[in-house]
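Any read-out appearing in this document is the output of simple, stated calculations on the displayed coordinates, not a laboratory observation. Quantities reported herein were computed from a predicted structural model and do not represent experimental measurements. All Cβ positions, glycine included, derive from the backbone under ideal geometry; neighbour counts span all protein chains shown.
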Amino acid sequence: MKTASLLLAPIVAVLAKPVPRYTVARDAVAFTNQLWTRAEVGTYNASLPNVTVFATGGTIAGSASSSSDTTGYTAGVVGVEALFAAVPAVYNVSNPTGIQISNVGSEEITQQILLNLTRQIQAELESPYCQGVVVTHGTDTLEETAMFLDLTIRSEKPVVIVGAMRPATAISADGPENLLAAVTLAVSDKGKGRGTMIVLNDRIANGYYTTKTNANTLDTFKSYEQGFLGYFVDIKPVFYYPPALPLGKPYFEIASDVTSLPDVEVIYGHEDLNPKIAAAAVQLGAKGLVLAGMGAGGWTNAGQAVIDELTANNGTAVVFSRRTMDGFVEAHSTPGQYGGGWLNPQKARVVLQLGLSAGYPDAALRTLFESINP
């Protein structure tokens, strides 16, 4: 894995004169111990802040056979260099460095990609030469990666995750303006101390609560109860409030020897559900379960009997969440069972994965979920 000193060496050596700006390519699968390949794509402007853009793929890097196609396209085709080329204005506001972590649809984001991503971002943010970070990402699971980064990165510098609802080849692609807005926010002092933020459609959203609400429309990312943090005017960030973080938001340090996360499965609640599905998930290796319950986390009597057995006899950790767009699920008093509070199932899953990875026993998991949902 490349060290911070190697990253900084080309910059430190030539601070007194213009230096090459680099785009960095990297294989997300075979990333261990190999140096990145660098290709010069521009010149360094000492009067501008530096931003590192981590590209993972998604619709923002997607391609379709027709400029009118906004659904039948292939995600993760365009590389980070092409993303910069489509938005030359990024060079007017920053010195961008691109790192191609992966180039896949967001449904293909793996634990290994996430672990690699958060470690590389943390290393970049610890450099005095980096003012902020942007992550380009597919929108289908963008909120999960945003949550993961928000809980595993410790820095006052801005971390902005950005995507697009239309592929790069669309006649009205939203990716270029979204990327420019994200880069502008990432190098702005206004973005400091706000945790991981999501930028799409002229809106600035909190990565902790925000979710994708529509499969197709541009204004899909919202947090109905908590609201937006701000918006863009002439692609300049404007905030409604001073920097603040969600109450009780935890932090998890990813140890250097962590190569995977515990398996946590989400089970969707519905009428006449099969109660054995939960047990089957555990038999297949799940260490934890998140239940997308009915209403405020409701589960059937037969299903609850299975959950009680799993927590009592198997030590399975179970979080009750809700399948509705919003709402609060209260704490559970049964050992091994927890209320997801305001968190939707996919975000509760991230929290439970990190808690289990940290080795939290029942009491610590209970404190975790109760403190983040006061």
Which lysines does Lys287 reach when only Cα atoms under 25 Å apart count, and residues fewer than 8 places away in its own chain are ignored?
Lys249, Lys276, Lys347
Along the stretch 132-137, Karplus-curve 3J(HN,Hα) (6.51, -1.76, 1.60; θ = phi - 60°) to the nearest Hz, with x for Gly and Pro, reads x, 10, 10, 10, 8, 7
Please report, to two decimal places, log10 I(q)/I(0) for the stretch 169-289 at q = 0.12 Å⁻¹ as given by the Debye formula with identical point scatterers on the Cα atoms and no solvent.
-0.68
Cut-off 11 Å between beta-carbons: net charge of the residues surrounding Glu144, Lys and Arg +1, Asp and Glu -1
-1
Using the per-residue mean of other Cβ atoms lying within 10 Å as a proxy for protection, in what order, highest first, do the peptides 81-89, 139-147 fall?
139-147, 81-89
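Just to confirm a number: summing +1 for Lys and Arg and -1 for Asp and Glu over residues other than Pro237 whose beta-carbon lies under 12 angstrom from that of Pro237, what do you get?
Every neighbour counted, the sum reads +2.
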Could you size up the charge dipole of the stretch 205-265 around its Cα centre, putting +1 on the beta carbon of Lys and Arg and -1 on that of Asp and Glu, and report it in debye to the nearest 20?
320
With a sphere of radius 12 Å drawn around the Cβ of Ala86, what net charge do the other residues whose Cβ falls strictly inside it have (Lys, Arg +1; Asp, Glu -1)?
-3
Near Lys236, which lysines are there with a Cα under 25 Å away, not counting those fewer than 8 places off in the same chain?
Lys157, Lys190, Lys192, Lys212, Lys222
How would you order 242-252, 149-159, 325-335 from highest to lowest mean count of nearby Cβ atoms within 10 Å?
149-159, 325-335, 242-252
Separation of alpha-carbon centers, the stretch 295-325 and the stretch 194-229, rounded to whole Å
29
